[in-house]
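First comes the structure, then the notes that go with it.
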Amino acid sequence: MIQMLPKQPLKNFALSTGSYQSFIDKMTELAKNKVSAAAYFANVHMFIEAQDSEAFSDLIHKADIVTPDGQPLTWMLRLLYGIKQDRVSAMDFMPSMLARMQQEQLSVYFYGGTQEMLDKADAFVKKEYPSLKVAGLYSPPFRPLTADEENDIAANINASGAGLVFVFLGCPKQEKWMAAMKGKVNAVMTGVGGSIPVTIGMQKRAPLWMQKAGMEWIYRFAQEPKRLFKRYAYTNSKFLWVFFKQFIKLRILKPLRLVK
């Protein structure tokens with residue numbers, strides 16, 4: 001059995017820890033061995049989804065890998081537990097993993113998005129990673145799948161020989177899909193969300209200084225203010241409140257109790 005990366009609980013949310021390279025190595029190992037596994041890229045939005053939903057929190061706990069995608073989560077690990085954790089964002093991971101899969105001669109599968117996006121992704125991969133095998137690309141219907149459809153999709157992915165499936169359905173839909181397909185799809189599934197349009201050049205990414213400052217969300221908000229306003233207003237404010245309570249509990253009250 002392949003050993004997964006260690007995890008550190010943040011309230012009711014467990015994050016995988018390790019260097020950026022260790023995540024690439026572990027995903028590659030899972031892909032080589034065709035392990036049915038689910039890997040999530042966690043940001044503030046996902047963290048708050050888990051606070052609000054016990055069912056979604058349970059999915060997080062059952063995930064094989066949960067990377068610290070959002071910079072605020074790496075800060076939380078450091079300020080609460082003293083863990084200096086690399087950020088492992090989907091936007092950085094995807095090109096790194098495409099290059100690694102090409103190097104290892106392993107195949108990938110793209111699941112999600114529109115057919116137009118998949119066509120552009122296919123063209124991008126052929127240009128930038130010419131010797132990488134794309135085992136398949138599938139744009140699912142924008143409705144709940146039937147049990148028969150799920151089984152057919154799993155059978156098609158397995159027949160393709162893919163070791164890694166990039167899933168981009170958006171959070172929390174993609175995480176729920178991967179959880180449902182775990183044990184059916186013989187590959188490591190990773191939810192890369194909105195990283196694919198950035199990777200293939202359909203959207204621009206925030207400047208590096210904004211990424212390091214944890215302000216990438218502002219750049220995304222400027223691109224889609226109507227869609228993201230309500231989400232960011234709620235998730236960002238609730239994240240600060242949750243962090244504040246945990247900081248008081250772990251860094252102030254707990255040391256005081258130990259002194260007594």
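Of all residues in the range 62-90, those that are in contact with a helix residue (DSSP H, G or I) (Cβ under 9 Å, 6 or more places away or on another chain) and free of Cβ contacts under 8 Å to residues at least 60 places away in the same chain total 5.
Among residues of the range 148-176 that are over 16 Å from SER36 (Cβ atoms), those with a Cβ under 9 angstrom from a residue that is of a type in the set (Asp, Glu) and outside any loop (DSSP other than H, G, I, E, B), sequence gap 6+ or separate chain, pair up as LEU169/GLU175; CYS171/GLU49; PRO172/GLU49.
The single condition among (1) of a type outside the set (D, E, K, R); (2) more than 18 Å from MET117 (Cα to Cα); (3) in the same structural domain as VAL108 (by TED's automatic domain parsing); (4) under 19 Å from the mean Cα position of the chain (by Cα) that ASN236 does not satisfy is (3).
Condition check ((1) surrounded by 17 or more Cβ atoms within 10 Å (Cβ to Cβ); (2) at pLDDT 90 or above) across all residues:
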{"position": "VAL192", "(1), (2)": "yes, yes"}
{"position": "MET210", "(1), (2)": "no, no"}
{"position": "TRP217", "(1), (2)": "yes, no"}
{"position": "LEU256", "(1), (2)": "no, no"}
{"position": "VAL259", "(1), (2)": "no, no"}
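Pairs are defined by a Cβ separation below 7 Å, a sequence spacing of at least 6 or placement on different chains, a first member in the range 112-141 that is assigned by TED's automatic domain parsing to the domain that holds GLY163 and touching a residue at least 40 places away in the same chain (Cβ under 8 Å), and a second member that is surrounded by 12 or more Cβ atoms within 10 Å (Cβ to Cβ) and in a helix (DSSP H, G or I); the pairs so defined are GLY112/GLN174; GLY113/ILE196; MET117/ILE196; MET117/PRO197; ALA121/ILE196. Candidates in the range 224-254 are the residues that are among the basic types (Lys, Arg) and surrounded by 12 or more Cβ atoms within 10 Å (Cβ to Cβ); of these, the one that is modelled with the lowest pLDDT is ARG231.
Note on the range 154-179: residues that are in a helix (DSSP H, G or I) and either outside the structural domain of LYS26 (by TED's automatic domain parsing) or more than 16 Å from the chain's Cα centre (by Cα) (or both) amount to 7. Among the residues of the range 66-116, not one is aromatic (Phe, Trp, Tyr), more than 15 Å from ILE196 (Cα to Cα) and crowded, with 17+ Cβ neighbours inside 10 Å.
Only residues that are more than 11 Å from THR67 (Cα to Cα) and either touching a helix residue (DSSP H, G or I) at 6+ places or on another chain (Cβ under 6 Å) or crowded, with 22+ Cβ neighbours inside 10 Å (or both) were counted across the range 12-23, and they come to 2.
The values are calculated or read from the model by the stated rules, or taken from the named source; none is laboratory data. Computed from a predicted structure; not experimentally measured. FYI the Cβ positions are ideal-geometry reconstructions off the backbone, even for glycines, and counts take in every protein chain you see.
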